[in-house]
Amino acid sequence: MASKYDGLARIIIQNVGGKSNIVSLTHCITRLRFKLKDESRANTDILKETDGVVTVIQSGGQYMVVIGNHVGDVYDTVVSVGHLESIADAPREDGVDDGPKEKMSPFNAFVSIVTGVFTPFLGVLTACGIVKGFLALFTATGVLDGASGTYNILYSFADASFYFMPVILGYTAAKRFKLPEMEGMIIGASLIYPYVLNGSGYDVSNIFGIPVNMPPSGDYTSSVMPVIVAVAFAAWFEKKIKKYIPDVIKMFTVPLLTCVITICLTFWVIGPVTSLASTGLNVMFTTIANFSPVLLGVAVGGFWMVLVMFGLHWALVPVAINDMMTAGFSRVLVGSFGHSFVLIGSVFAIMIKTKDKKLKSLCAPAAISSIAGVTEPALYGIVLPKKMPFVRACIISAVAGGVLMATGVTGYVMAGLGVFGYTGYINTQTGSAAGMIISIVVSVVCVAAGFISEMIFYNEEPKKTDTVKKDADTNVNTGSAKGGNIAAPVTGEVKALSEVEDEAFSSGALGQGLAIVPKEGKIYAPCDGEIGTFFPTGHAIGLMSADGAEILIHVGMDTVKLDGKGFTPKVAQGAKVKKGDLLLEFDIAYIKAQGFSTVTPMIITNSDDYADVVPTGAKEVRHGDVAITLL
């Protein structure tokens, strides 16, 4: 099930430099803590201006995205949509994780599988598709002789990725399902061995007398799903049998049993069933296209960027590839072609109209990358955070999708993205470039439409900080929480938040309050209320007072790195507490010996619900003394 934080999670992943730039990810009570390969690849300015992000802090080799009290939910969503299970909560350089994985719905699991299997292969596949498209164009126009050595050799290269796709997918699927890659490749190769090809003349009607039903095409050279499902089964089966095989014969016995049983089951069951399912999907989309090509184009074009946001577009990619492998063409993805060009025009218009220098500097690179079909910088970094430009881009993309389908544009190969996708619409059988010409015209119109729409409708929104300042200046209580006094949770020296050596606290971004340098290692409840959050490492407590104040007590700076050592919680999350109840004991000497500050901020995270948050003027307090007055 999609989370309400999916959009925010994707913006965060994109603007920390993408999944490939993330070494590890953990979180504390208020912030996501990334370890990045290269922090210069992160778009810090965009993240700071993103709704849902309080601020960004770079310190101690960590790139920290401050979220607030709901950081746990955002963290779970970032891990889920980014498929970061192998590096989340495990800052290991090898990215290996033998722990439990997060459970996903069947559809999300399917999308995750398709992403893992096809992503490593798509770059090569599109390169081959581009060459195949040009070869069709050159032979149709007489530029190249279809019987020449040049044509034959280049066509062999261009068609190899399609002909040997089961072998290649056997390799990528094996990596995804953690099966030895050589076993995956052998399973794939067995599906296209000359003996089992259509018209080979060899008897492949049965195995051990059990009938074999070949797919409608006659063989598996033009298949996608059979090898993926076969490798998934092989990975599952091998894990089950490995523990029963003696180590002395495991090296050859395990692959022997895994591959033989998988291959037999593939020809008996897996291949025929998955081929039938693929044919059913092909029929479904063909039926929709025949019923109303325009409707299909509008739907795919209008919702494509939404699908991309949630990673659901991967569900359509294998359908399109399967169509091209079996029928020689596909119209499933045609409607999506205009979206990158709409973004080009939209982003250039925003660059002209915006007065935000940081945003202006990001627009040109985002637009240029969209020309090549890489739309993430424009989508996640500019139009999506601004909301209405995203909506307008979707509408224009929907119209473009309908036009492309209405004019009969058809994809014949998986060509590139953006301008590199034009050759995909060249008919590889006849060499006709009509579809390519129409796609060029539509793309130019999309750029113009995106540009004009934003020049007319785009308005700069006030920054969040401006709104907060305005509320403070009017001195109006904007929330429903009651005023009152909050006691000091610990005995010690009082400091202003601005003196805390952590920007998230000192800037007031998380809320107003004060800090105390503790003289004893005990934290007491500052009021009656309920423990909403007690971080597992014990260093931070979130408390909701009976009057509606949301209080965060954070013992020390970066003490999450102690992993609970030196902290002894005395109550559990969800506990009802009274003012003065002992919540936590901590070892001041140990924390200092590990090189960490013990300064303890206490902040009111819903400060905007009050007209004012007034810290005590005393230089020292004892636990139970009035520390903060809420007005």
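The single condition from (1) surrounded by fewer than 22 Cβ atoms within 10 Å (Cβ to Cβ); (2) modelled with pLDDT under 80; (3) not in a loop (DSSP other than H, G, I, E, B) that Gly7 fails is (1).
Mind checking whether some residue in the range 154-162 is exposed (fewer than 11 other Cβ atoms within 10 Å of the Cβ), of a type in the set (S, T, N, Q) and modelled with pLDDT of 90 or more? Within the range 154-162, one or more residues are exposed (fewer than 11 other Cβ atoms within 10 Å of the Cβ), of a type in the set (S, T, N, Q) and modelled with pLDDT of 90 or more. A residue that is modelled with pLDDT under 90 and of a type in the set (D, E, K, R) occurs nowhere in the range 202-213. Screening Ile452, Ile396, Ile438 for residues that are out of contact with any Ser or Thr (no Cβ under 7 Å at 6 or more places or on another chain) and either surrounded by 15 or more Cβ atoms within 10 Å (Cβ to Cβ) or modelled with pLDDT of 95 or more (or both) leaves exactly one candidate, Ile452.
Among residues of the range 176-216 being crowded, with 16+ Cβ neighbours inside 10 Å and of a type in the set (D, E, K, R), the one that is nearest to Phe121 (Cα to Cα) is Arg176. Would a scan of the range 326-333 turn up a residue that is free of Cβ contacts under 8 Å to residues at least 40 places away in the same chain, touching a helix residue (DSSP H, G or I) at 6+ places or on another chain (Cβ under 7 Å) and not assigned by TED's automatic domain parsing to the domain that holds Lys132? The answer is no; no qualifying residue exists.
Every residue, every condition in (1) part of a helix (DSSP H, G or I); (2) within 21 Å of Gly431 (Cβ to Cβ); (3) touching a Ser or Thr at 6+ places or on another chain (Cβ under 6 Å), yes or no:
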position	(1), (2), (3)
Ala136	yes, yes, yes
Gly146	no, yes, yes
Tyr151	yes, yes, no
Tyr155	yes, yes, no
Ala158	yes, yes, no
Phe162	yes, yes, no
Leu169	yes, no, no
Ala173	yes, no, no
Arg176	yes, no, no
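Put simply, of Gly421, Gly373, Gly416 the only residue that is under 12 Å from Phe341 (Cα atoms), among the small types (Gly, Ala, Ser), within 27 Å of the chain's Cα centre (by Cα) and part of a loop (DSSP other than H, G, I, E, B) is Gly373. Among the residues of the range 34-46, those that are touching a residue at least 12 places away in the same chain (Cβ under 8 Å) and either farther than 28 Å from Leu543 by Cβ or surrounded by fewer than 22 Cβ atoms within 10 Å (Cβ to Cβ) (or both) comprise Lys35, Leu36, Lys37, Asp38, Glu39, Arg41, Ala42, Asn43, Thr44, Asp45, Ile46.
Can you name the residue in the range 234-280 that is under 35 Å from the mean Cα position of the chain (by Cα) and of a type in the set (Ser, Thr, Tyr) and is also farthest from Ala320 (Cα to Cα) among such residues? Checking each candidate, the answer is Thr258.
The values are calculated or read from the model by the stated rules, or taken from the named source; none is laboratory data. Model, not experiment: these values are computed from the prediction. In this analysis, Cβ positions are derived from the backbone assuming ideal geometry, glycine residues included, and neighbour counts consider all displayed protein chains.
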